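**Q** One structure, pasted below without further comment.
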Amino acid sequence: MTFKDFSEHEQAVQLLQRSLERGRLAHAYLLTGDESAVLESVARTLAKTLNCLDPVRAGQGSAAVDACDACLNCRKIENENHADVHWVRPESKSRVIVVDQMRELMREIQLKPSEAAFKVAIIVAADRLKTEAANAFLKTLEEPPAKSVLILLSTEPQRILETILSRCLRLNFGGQGGGRFDDVTLRWLNEFGETAAGEQRSLLGRYRLMDVVGKRLSEIRAQVETEMKARSPLERYDDVEKDLREKWEDELTAAVESEYRRQRAELMLAMQWWFRDVWLQSSRAGEGLLNFPGQTASQKLGGRLPARQSLANLEVLEQTQRLLHTNVQEALAIEVAMLKLNL
Ligand SMILES: [Zn+2]
């Protein structure tokens, strides 16, 4: 496969190809998505492109942006027997990546490429890296040897250790971006964007932004409560015995909490996608990739933020999303996030 075969994931592929073209490849990528096979194909294609003997170039004399899929290197990489492209997969009985596998990989990656231009390490199911193996890997992840690229793959990125996540550039090869959100969310996102892009130098401005998020969360909670109550047997049976009533009440509370958390995660995701647009705007990556085209607010904010700060915003939101999965106090987590954002 070559990059042009990933038409479903055009956005992420274009981001990768643009970095290739500019010679600005990150040292470490985290590719996320719903299907492990797709992620493996993308990683394989990137490895081929970096080492292809007859690559597709953006222009004459410029950098390779796609592989030929036919040369000796491409074929070896396809068959996973290229000396400079290393794969690590969960192997042990418990389906984790053990520390010995990582030590072996790091030994390999420190050696000079033997037959190609780049050393590539591909770690399948990076969420299966347990603490010890991950810690052994951190130093390499922070300072990879020259001419090496680390590619981590995961269908469950929420399970990856924070220390690893924060050192990788994340690209998503799943989901449909902004198209998945309903009208209410999109309208709210508009308001959020306008507030974020408006005057934000003051603390008051930050609290206004928190208020926009807080109000929407209260609305979501109230709506979930109404809907779940209407479905509960409590509404239909008045005279039930105390034990049964209590059981139904507990079930209702649990159902409300779980549905609320799901919808809250969706709202956070919408914010993440919006800030991804801001990042695309500040890195001048092009209109075609935007999740919410026509949003002037993301353009405005992206226009004044350096790409580095926009990328840091994405990390803030991802971290908040992960914190919210734990039992952290919601209002506090949101407040910290809104104060940390670069606006
Ligand atoms: Zn080739």
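**Q** Leaving out ligands, DNA and RNA but keeping every protein chain, what accessible area does residue 173 have, in Å² rounded to the nearest 10, with a 1.4 Å probe?
**A** About 10 Å², ignoring ligands and nucleic acids.
**Q** Between residue 336 and residue 139, what is 0.36 nm times their sequence separation minus the Cα-Cα distance? Round to one decimal in nm.
**A** 68.1 nm
**Q** Output the relative contact order of segment 157-296, whole-number percent, from Cα pairs under 8 angstrom with separation of 6+ residues. All intermediate terms of the calculation are to be shown ahead of the outcome.
**A** Details: 57 pairs, mean separation 39.9, N = 140.
Answer for segment 157-296 is 28 percent.
**Q** How large is the accessible surface of residue 269 in square angstrom, using a 1.4 angstrom probe and rounding to the nearest 10?
**A** 40 Å²
**Q** Ok, one more. So if each residue of separation counts as 0.36 nm, and I subtract the Cα-Cα distance between residue 24 and residue 236, what length gain in nm does that give? All intermediate terms of the calculation are to be shown ahead of the outcome.
**A** On the way: separation 212, 0.36 × 212 = 76.32 nm, distance 6.25 nm.
The residue 24-residue 236 span can extend by a further 70.1 nm.
**Q** Across segment 78-190, how many lysine pairs separated by 8 or more positions, or lying on different chains, have Cα atoms within less than 19 Å?
**A** Final tally of qualifying lysine pairs is 7.
**Q** Do any GluC sites (Glu not before Pro) in segment 32-83 lie in a loop, going by DSSP, with at most 14 other beta-carbon atoms within 10 Å of their beta carbon, and if so which?
**A** Working: sites: 35, 40, 78, 80; in loops: 35, 80.
Answer in residue order: 35, 80.
**Q** If you take the charge dipole of the chain about its Cα centre, with +1 on Lys and Arg Cβ and -1 on Asp and Glu Cβ, which of 189, 58, 205 is farthest toward its positive end?
**A** 58
**Q** So for the chain, what are the equivalent ellipsoid semi-axes in whole Å, largest first, each being the square root of 5 times an eigenvalue of the Cα gyration tensor?
**A** Listed largest to smallest, the semi-axes of the chain are 41, 26, 18 Å.
**Q** Give me the accessible area per residue for the chain, probe 1.4 Å, as a whole number in Å².
**A** Values: 17520 Å² over 343 residues.
Using a 1.4 Å probe on heavy atoms only, each residue of the chain averages 51 Å².
**Q** Now for a separate question. Suppose accessible area is computed on protein heavy atoms with a 1.4 Å probe; arrange 257, 108 from highest to lowest.
**A** The ranking, largest first, comes out as 257, 108.
**Q** Here is a further query. Can you pull the percent of the chain's accessible area that's carbon plus sulfur, 1.4 Å probe, other chains left in place?
**A** Within the chain, the accessible surface is 49 percent carbon and sulfur.
**Q** In addition: Per Stokes-Einstein, at 20 °C and 1.002 mPa s, what whole-number D in µm² s⁻¹ belongs to segment 180-340, with the Kirkwood radius over Cα pairs as the hydrodynamic radius? Don't skip to the end; give the middle numbers.
**A** Numbers: Rh = 17.4 Å.
Here the translational diffusion coefficient equals 123 µm²/s.
**Q** If each of residue 203 and residue 95 carries a label point 7 Å out from its Cα toward its Cβ, how far apart are those two points in nm?
**A** The answer from the label model is 4.9 nm.
The values are calculated or read from the model by the stated rules, or taken from the named source; none is laboratory data. Note that the structure is predicted; figures quoted are calculated from it, not measured. Note that we place each Cβ from the backbone using ideal geometry, even for glycine, and neighbour counts take in every protein chain shown. Calculation scope for accessible area: heavy atoms of the full protein, side chains included, ligands and nucleic acids excluded. Shrake-Rupley method; radii C 1.70, N 1.55, O 1.52, S 1.80 Å.
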